[in-house]
1. So if we plug the beta-carbon distance of residue 121 and residue 217 into 1/(1 + (r/R0)^6) with R0 = 41 Å, what FRET efficiency do we get, rounded to 0.05?
2. For residue 170, which sequence-distant residues (separation of 5 or more, or a different chain) have an amide H within less than 5 Å of its own amide H, given hydrogens modelled in the peptide plane?
3. Under the classification rounded if a/c is under 1.5, otherwise prolate if a/b is larger than b/c and oblate if not, where does segment 120-218 fall, given a ≥ b ≥ c as square roots of the Cα gyration tensor eigenvalues?
4. Rank these residues by their accessible area, most exposed first, probe 1.4 Å: 151, 117, 146.
5. At a Förster radius of 41 Å, what calculated FRET efficiency corresponds to the Cβ-Cβ distance of residue 140 and residue 187, to the nearest 0.05?
6. As an exercise, use a Förster radius of 25 Å and the Cβ-Cβ distance of residue 206 and residue 163 to find the FRET efficiency, rounded to the nearest 0.05.
7. Could you give me the ³J(HN,Hα) list for segment 120-135, computed from phi with Karplus coefficients 6.51, -1.76, 1.60 and θ = phi - 60°, whole Hz, x at Gly and Pro?
8. Length gain on complete extension for the stretch residue 172 to residue 195, per 0.36 nm per residue less the alpha carbon to alpha carbon distance?
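The values are calculated or read from the model by the stated rules, or taken from the named source; none is laboratory data. All of these numbers come straight from a predicted model, not from anything done at the bench. In this analysis, Cβ positions are derived from the backbone assuming ideal geometry, glycine residues included, and neighbour counts consider all displayed protein chains. Please note that ligands, DNA and RNA were not included when accessible areas were found on the heavy atoms of the full protein model with its side chains. Shrake-Rupley method; radii C 1.70, N 1.55, O 1.52, S 1.80 Å.
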Amino acid sequence: MGQCGITSSKTVLVFLNLIFWAAAGILCYIGAYVFITYDDYDHFFEDVYTLIPASIIIAVGTLLFIIGLIGCCATIRESSCGLTAFAVILLLVFVTEVVVVVIGYIYRARVEDQVNHSIQKVYDEYNGTNTDAPSRAIDYVQRQLHCCGIHNYSDWRNTRWFKESRNNSVPVSCCKPNISNCTGTMSRPGDLYPEGCEALVVKKLKEIMMYVIWAALTFAAIQMLGMLCACVVLCRRAHDPAYELLVTGGTYA
């Protein structure tokens, strides 16, 4: 019965190690996705510390690949030291992912205040040229999120670019994609996206942070199972003399 339990635990451990390798790739992908997306929205959210959870996720993903290798070797060789090291490292990574979840929730709560603080400044700096970073950021966001202005398209009236251009038009990035020959004129509001960008930017950034939080929670649960299986194998190895003799090649009378 004990032997059967050990074998089952070892099988689960090997399977979990394979999951760890897959998780390593997934976590690194999520971390990279957060960095890339942040680069598109960084003018609207100036707090670079928001990238801390993503940085930790990438580091954890890299570590998980190493953990999977250690776990496979320790399980196959049935090494007590290897399994102990495996369980300890998993515990440290588990604690790290709990920290990621906490930090993620903290910065997720700060997203709205940060965007509210910086979005007006970004729109004031718009000059309509592709060489200008704030202008590219606004055009990108308006096209990607299907929005126009801060709260709606009429907010463009208060910008320096609108007053200097004097053509009663908003940027063409405000135009709906199904409208042909749209010039952004405010005399045809039906051609423009009706929703403002502020709420959509906040929603997008919060979604990105939730990806990190859910990824950390999911793989933390998997690591808990890995630690449990490693402890089961170690405990039964220590208390089952029949298993110990089988491993060492002895006979049990």
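1. Working: r = 35 Å, r/R0 = 0.85.
E(calc), rounded to 0.05, equals 0.75.
2. Distant-sequence amide H within range of residue 170: 185, 186.
3. Working: a/c = 2.43, a/b = 1.82, b/c = 1.34.
Judged from the Cα gyration tensor, segment 120-218 comes out prolate (a/c at least 1.5, a/b above b/c).
4. On the way: 151 120, 117 140, 146 95 Å².
My answer, sorted largest first, is 117, 151, 146.
5. Numbers: r = 26 Å, r/R0 = 0.63.
Once rounded, the FRET efficiency stands at 0.95.
6. Values: r = 33 Å, r/R0 = 1.32.
With R0 = 25 Å, the Cβ-Cβ based efficiency is 0.15.
7. These are the phi-based 3J(HN,Hα) values: 5, 4, 5, 5, 5, 8, 5, 10, x, 10, 6, 7, 9, 4, x, 5 Hz.
8. Working: separation 23, 0.36 × 23 = 8.28 nm, distance 1.49 nm.
Here the segment from residue 172 to residue 195 would lengthen by 6.8 nm.
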